[in-house]
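What follows is a short report on a single structure.
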Amino acid sequence: MARVVVDVMLKPEILDPQGQAVQRALPRLGFEGISDVRQGKRFELEVDGPVDDTALARIHELAESFLANTVIEDFTVKVEEVAEAGK
Amino acid sequence: MTARIGVVTFPGSLDDRDSRRAIRLAGAEPVALWHKDKDLKQVDAVVLPGGFSYGDYLRAGAISRFSPVMGTVIEQAKSGMPVLGICNGFQILTEAHLLPGGMLGNDHLHFICRDQKLKVENAETAWTADYESGQEIHIPLKNMDGRYVADERTLDMLEAEGRVVFRYVVGGDTSHGHGHVNPDGYGNPNGSLRDIAGITNEAGNVVGLMPHPEHAVEPLVGSGRTDGLPFFTSILKKLVNA
Amino acid sequence: MSRTPLDTVEHAAGTPDVELPWAELGLKKDEYERVVEILGRRPTGAELAMYSVMWSEHCSYKSSKVHLRQFGEKAPQSDALLVGIGENAGVVDVGQGYAVTFKVESHNHPSYVEPYQGAATGVGGIVRDIIAMGARPVAVVDPLRFGAADHPDTKRVLPGVVAGIGGYGNCLGLPNIGGEVVFDACYQGNPLVNAGAIGVMRHEDIHLAKASGPGNKVILYGARTGGDGIGGASILASETFDDAKPSKRPAVQVGDPFQEKLLIECTLEAFAEKLVVGIQDLGAAGLSCATSELASNGSGGMRVTLDDVPLRDSTLSPEEILMSESQERMCAVVEPSKVDRFLEICDKWDVIATVIGEVTDGDRLEIFWHGGKIVDVDPRTVAHDGPVYERPYARPHWQDALQADDANKLPRPTTPEELKSQVLRLVSSPNQASKSWITSQYDHFVQGNTVLAQPEDSGMIRIDEESGLGVAIATDGNGRYTKLDPYHGAQLALAEAYRNVATTGAKPLAVSDCLNFGSPEDPAVMWQFAEAIRGLADGCLQLGTPVTGGNVSLYNQTGEAAIHPTPVVAVLGVIDDVARRTPVAYREEGQLLYLLGDTREEFGGSAWSQVVHDHLGGLPPQVDLERERLLGEILISASRDGMIDSAHDLSDGGLIQAVVESALLGDKGARLVVPDELDAFTFLFSESAGRAVVAIPRSEELRFNDMCGARGLPATRIGVVDGSASDAVVEVQGEFTLTLSELRTAHEDTIPALLA
């Protein structure tokens, strides 16, 4: 079994008030030197079977049509190795 | 004869009954539609009501947009059937790409509920013919994800083609910010670009807006005004005279 | 690793010497011994889990029961009461075949730990109580109390609580029409998050929590069961039975309002088709509570197979499943022939539903797991026969000194300038300031039947579109008054809520309460509790408004410091035609302002004494419930006959607070004249009870005066509505003038400045 991660972020030009709220809180918490924060979404898809090009293409399509709204959001797809459960 | 206007109930729709009531008060026949049915029961027009369909999980409107009923609504809207999307319905219409742009969380990060002042920019659409262009009205607004965004080119196109239907009226005394009793309902309540509250498609049959006209149809309840009724009388006249 | 053998009833009988962690689960030694005595053997782990949660203070009311009995014993004769104390919520007849159910509950501690989820699940819980009676929920209200407004932790707790209430209630499509927000340092560390809900049904739709009819199926539906809120049970599971488990489950429950919305619609559809024999929501104590209450209220027993409960977390032990407080779940009892249809409706709404057991003709509640019987109890011993404590109580030694510290002796303003500046300080103080930054985060339009919502004196909902029949609800409570005198403080809360309902034109019918106090193990707190209950029960008897149900929240204290005793009282009223309702806002210039009732020098516990002198002492205002009833009758008659256009009750902050609110809401000014028999300070700031200010069209003045004269209610002309919009002022003749704009800034900027 493999895991595919889809990260969805607001397009750079779109205002992200949640990210800004986080950033404004940072100095208060003693974290200096962070000039910008943007908040996104992470989807972890557990895929049955091999993650080959066909599977990735399908996931790409899923991300483009459903997980992200490409009018306002960008996304990336990456495969993540899952450590075997050691039981 | 009267017109049959469908109101879709999605899981999590909240203002479906209110929309049916508004349609009835305007003199048309409301028809309840169910998200799992492709069949639109021969209605002449469709309202996508407000609410939190699917809990607004993923993105507001993102899951509903793929429901069976929306397949038919999208198809028929493209061939001219009037469709009105209110709040969550507006969000569904942008997710379905029947209207351009998208909806994001309010810039102040809070839910906001108030009687909002709007300017009618386009009184030519199927849903706004009973208003006059330039008219100022009050329509209740209540949302978490009401910030309309689109790229500059799209915004310019909407302006150039007269497709901005409603704008939040900015001006008056807004110094108290969003959380104040603001008897006049002035101000952009959510950070929508160019103060856009509602837009239409090229053909003028599909209209989406964040404020809730169905909550302003009776003098006794809701906002106590009836500024929202012309939405429903506009469409009735259009359908009956068609 | 190996698992210890399943702790079945048989295993328990054969291993009497196994030590169970009863103390960790919160049972006292004698309570545990009582369980052993009831069962005639040691309990199984699962039985211990059930007894420990059901016999907790929260579920059993063991400290408060002996006092709460007065609500039944002193209940006034009332034809309106259809279902009284003891069910999920009380039900009141409001006429035209309609019945209304309403209740207020607390979710105090969870909201301090995790403000958003604590408050959200508080709303979820009270709404499920309403559905469980057979009603469609139509509105919510939220009485809230926080620590000092400028304390840093208030900035953590309040926005989270407000967002949680909004996030959940808005998503359910329930208008939020009322409540309160109060700040006081005594609630630091113990905020009070009370949530109320109202539901409407036809008389024949009333449902009860009982499992009757052997062979009927028990269906669990809604969310899957996870490890929410079972801190206690995990001790049982991890330390005694299976060491490999995570040692602590999260104590915070997470709400899913979308799931609850589906639950509402699917339950109402099942009710409409008459598919449900009995129903119970799953709240505190989860399945332990639902199964034992359904079984003990019905005619037979019940058999449940826990393996059939749909789980979110497959590692849960049976004890944890029984104790889980996962939200958005309900349990229905359905005749076998109707099960298929019930499941079909659940499927339509994408709600998971599973038959987990059936009603038996015995009298035992039996629960099975992996084929073994792990619970075999008389359900009444779990649900109803919990311990009852006569906790010692005693008037605190400091009470006399507190009452002797007379607020009437505090320095008063001596010049018009001082008077004016104190008025501004009052209306801008956090407790008296506009709360619209908070209430604008709640939807009050949804469902299209909201006639009045906050900041009106009561929230009002139309329940019949044809006739205009409506209901009103107000919640009030004043911890400062109650601290000074618990008996009269509780009556003042009742009187204020009653008055608020009448002010809007509705006839008060019934009461629900949420009793928030410190630790019952402190005799001083217990005295406050006993006195408050006695006051409330006596008051309800006198006003003819029965208590239909409510909730007790104890242990609201940090160390030795208890909160002010805070009984929050909700009064429900009915109005024949909502077109006759009376709002707070001034409507027309030229209308005459009348003060109804008697004004005395009463400043003990007042907002003025708090804002200007940071003082709490003396006695609260006098209580005269006959006067309250008369005032109510006059306000209702005047509204019905169209004699008044605006009315506002006088309470904390006194007359000037009320006039400023009416003026700002209507965007109209007011010119006031101090009556001859009063000084300006007393006129403006006194908090004498049993009073209201009304605005009367000049054409109605004679008729209104005649009515008050004939009925013996003092009515004093104190001024006129005058001036509109930007040039309007509130003027007290010979004293001072404040522009509406100054007042608006003072009244409306405070809360956003503190919290936004």
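Observations on the model:
- Checking each residue in the range B:1-37 for being more than 14 Å from chain C (Cβ to nearest Cβ), part of a loop (DSSP other than H, G, I, E, B) and surrounded by 20 or more Cβ atoms within 10 Å (Cβ to Cβ) picks out B:Ala3, B:Ala28.
- Residue tally, condition buried (at least 24 other Cβ atoms within 10 Å of the Cβ), more than 17 Å from C:Gly544 (Cα to Cα) and out of contact with any Asp or Glu (no Cβ under 6 Å at 6 or more places or on another chain), over the range C:486-503: 1
- Selected residue (only one of C:Val568, C:Val623 is within 28 Å of C:Ala89 (Cβ to Cβ), touching a Gly at 6+ places or on another chain (Cβ under 9 Å), in a strand (DSSP E or B) and in contact (Cβ under 8 Å) with a residue 40 or more places away in the chain): C:Val568
- Residue match in the range C:187-205 (condition: part of a helix (DSSP H, G or I) and crowded, with 24+ Cβ neighbours inside 10 Å): yes
- Taking the criterion of being small (Gly, Ala, Ser), assigned to a helix (DSSP H, G or I) and touching a Leu at 6+ places or on another chain (Cβ under 7 Å), the residues of the range C:287-331 that qualify are C:Ser288, C:Ala290, C:Ser292, C:Ala295.
- Summed over the range C:63-80, the residues that are crowded, with 20+ Cβ neighbours inside 10 Å and outside any helix (DSSP H, G or I) give a count of 3.
- The residues in the range C:248-287 that are more than 25 Å from B:Thr9 (Cα to Cα), among the charged types (D, E, K, R) and within 14 Å of chain B (Cβ to nearest Cβ) can be counted, and the count is 0.
- Out of A:Val6, A:Val71, A:Val79, sole residue that is part of a strand (DSSP E or B), crowded, with 16+ Cβ neighbours inside 10 Å and under 18 Å from the mean Cα position of the chain (by Cα): A:Val6
- Taking the range B:48-87 as the range and being modelled with pLDDT of 95 or more and polar (S, T, N, Q) as the test, the residues that pass are B:Thr72, B:Gln76, B:Ser79.
- Residue list for the range A:21-47, restricted to those being surrounded by 14 or more Cβ atoms within 10 Å (Cβ to Cβ) and at the interface with another protein chain (Cβ under 9 Å from one of its Cβ atoms): A:Lys41
- Screening C:Ala120 on (1) out of contact with any Asp or Glu (no Cβ under 8 Å at 6 or more places or on another chain); (2) of a type in the set (Gly, Ala, Ser); (3) surrounded by fewer than 24 Cβ atoms within 10 Å (Cβ to Cβ) shows it passes everything except condition (3).
- Residues of the range B:96-128 that turn out to be closer than 25 Å to B:Val221 by Cα and in contact (Cβ under 8 Å) with a residue 40 or more places away in the chain, as a count: 11
- One residue alone among C:Thr737, C:Thr745, C:Thr682, C:Thr716 is over 28 Å from the mean Cα position of the chain (by Cα), surrounded by fewer than 24 Cβ atoms within 10 Å (Cβ to Cβ), within 14 Å of another protein chain (Cβ to nearest Cβ) and under 29 Å from C:Arg412 (Cα atoms), and that residue is C:Thr745.
- Checked against the criterion of being at pLDDT below 95, of a type in the set (A, V, I, L, M, F, W, C) and either farther than 21 Å from C:Gly505 by Cβ or part of a helix (DSSP H, G or I) (or both), the candidates C:Ala753, C:Ala658, C:Ala670 yield just one match: C:Ala753.
- Just one of the listed residues (C:Val694, C:Val720, C:Val674) is in contact (Cβ under 8 Å) with a residue 24 or more places away in the chain and within 30 Å of C:Lys409 (Cβ to Cβ), and it is C:Val674.
- Residue list for the range C:719-734, filter: outside any loop (DSSP other than H, G, I, E, B) and away from chain B (no Cβ under 13 Å): C:Gly719, C:Val720, C:Val721, C:Asp722, C:Gly723, C:Asp727, C:Val729, C:Val730, C:Glu731, C:Val732
- Residues being in contact with a helix residue (DSSP H, G or I) (Cβ under 6 Å, 6 or more places away or on another chain) and assigned to a strand (DSSP E or B) - total across the range C:147-180: 1
The values are calculated or read from the model by the stated rules, or taken from the named source; none is laboratory data. As the structure is a computational prediction, the values presented were derived from the model and not from experiment. Glycine also receives a Cβ, built like all others from the backbone with ideal geometry; neighbour counts cover every protein chain displayed.
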